[in-house]
Amino acid sequence: MSDPTEFYEEKVRVVLPVIDPGRCEGKEDCVRVCPYEVFEVRTLSQAEREALAFLSRLKVRFHGNRQAFVVRGDACHACGLCVKACPERAIKLRSSGAATQPPG
């Protein structure tokens, strides 16, 4: 008979929200719907604004230089509420590529 602990050696992919800074308008819908407090909306630093493409910088400026950020990605449960709530479709759930072993 095989060892029952072998069953728990299966790897689990970690899924995290990714925000497209070229689309995000900082409307805070993701913050409001996320039950795990994964997001925050804050003012972009000058370096963050300068890293954006020209049209994205104009868009950000028009929206008060604010955008959403993933601040607690490890708390994400990949429920998808943020993806559905974002009016700009700026959030996607993506596999982090990392794998972790489930507790056991």
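Straightening the chain between HIS77 and VAL15 buys 21.5 nm, computed as 0.36 nm per residue apart minus the Cα-Cα spacing. As a rough guide to protection, the peptides 53-60, 78-85 ranked by mean Cβ packing within 10 Å, highest first, stand as 78-85, 53-60. With a Förster radius of 25 Å applied to the C-beta separation of TYR36 and ARG89, the computed FRET efficiency comes to 0.75. With each label modelled as a point 7 angstrom along the Cα→C-beta vector, the PHE62-ALA47 pair spans 2.8 nm.
Laboratory data are not the source of any read-out in this text; all were calculated from the coordinates shown. Keep in mind it's a predicted model, so treat the numbers as computed, not measured. Cβ atoms come from the backbone with ideal geometry, glycine included; neighbour counts cover every protein chain shown.
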